[in-house]
Amino acid sequence: MSIDAIRSAIRDVKDFPQKGIIFKDITPVLKSEKLFKEVIDIIAKRYEKKKPSAFVVIESRGFIFGSALAYKLGCSLVPVRKKGKLPYKTIEESYALEYGTATIEIHEDALRKGDEVVIIDDLLATGGTAAAAAKLVEKLGAKVSGFEFVIELAFLKGRAKLPGYNVNSIIVVD
Ligand code: AMP
């Protein structure tokens, strides 16, 4: 029931940010104190017994969900940002977009060997961003114990880029 309410609250915005894209707008979910809490509680439940060392959050909407989770469970929060945004020493990972490439970064001291993290973003599309974030985590010697997404666009087959990982999404769009 509440999953249906979350699904209904996600707004499709046609041709944003460019023609041909149907943008999944999560701001109506955030606006509803009930639904935002529901999303956080659904994800938090999976980790309350075994808390991750950190939630690794992907710029920018991953920050919103991940920070609430880190606060709720008392876990550390580690941002992955677009190139040039993090102030200290970073390592980077590039990945292919439909046109061109994108690069994301993490602080080189953000994680340690032995850390087990959960990577958070609002949406799984082609999986390029999430796979690159996992590479950053692993380059620092940490382990990815799962991915959490609010929405998964299953027709883009992003899961195929995350083989062997535990991948959860609340709303699946076929
Ligand atoms: P991808 O690397 O293709 O899996 O893209 C994932 C990233 O792009 C996430 O950070 C999403 O927030 C964003 N994104 C991709 N497609 C959409 C979409 N249709 N609606 C909203 N956000 C999207």
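Readers should treat all values here as calculations from the given coordinates under stated rules, not as data from a laboratory. From a predicted model like this one, the values you see are computed outputs, not experimental measurements. Here the Cβ positions follow ideal geometry from the backbone for every residue, glycine too, while neighbour counts run over all protein chains shown.
Using the Cα gyration tensor of segment 90-174, with a ≥ b ≥ c the square roots of its eigenvalues, what is the shape: rounded (a/c below 1.5), prolate (a/b larger than b/c) or oblate (neither)? Oblate shape, in that a/c is at least 1.5 and b/c is the bigger or equal ratio.
For segment 15-62, rounded, prolate or oblate, judged on the Cα gyration tensor with a ≥ b ≥ c (square roots of eigenvalues), a/c < 1.5 rounded, else prolate if a/b > b/c? Cα axes put segment 15-62 in the oblate bin.
Think of it as helices only: each DSSP H run of n ≥ 4 in the chain is worth -39500 (n - 2.57), and spread over all residues that comes to -8500 deg cm²/dmol at 222 nm.
When +1 charges are put on Lys and Arg Cβ atoms and -1 charges on Asp and Glu Cβ atoms, the dipole computed for the chain relative to its Cα centre reaches about 200 debye.
Of the GluC sites (Glu not before Pro) found in segment 5-55, those that fall in a DSSP loop while having at most 16 other beta-carbon atoms within 10 Å are 48. Rg of the Cα atoms in the chain, relative to 2.2 N^0.38 Å, amounts to 1.00. Calculate one ³J(HN,Hα) per residue across segment 75-91 by plugging θ = phi - 60° into the Karplus curve 6.51 cos²θ - 1.76 cosθ + 1.60, and present them in order as whole Hz with x for glycine and proline. Rounded to whole hertz, the list is 10, 6, 10, 10, x, 10, 10, 5, 3, x, 9, 7, x, 9, 5, 10, 10. Among the chymotrypsin sites (Phe, Trp or Tyr not before Pro) found in segment 121-174, not one is both in a DSSP coil and sparsely packed, with 11 or fewer other Cβ atoms within 10 Å of its Cβ.
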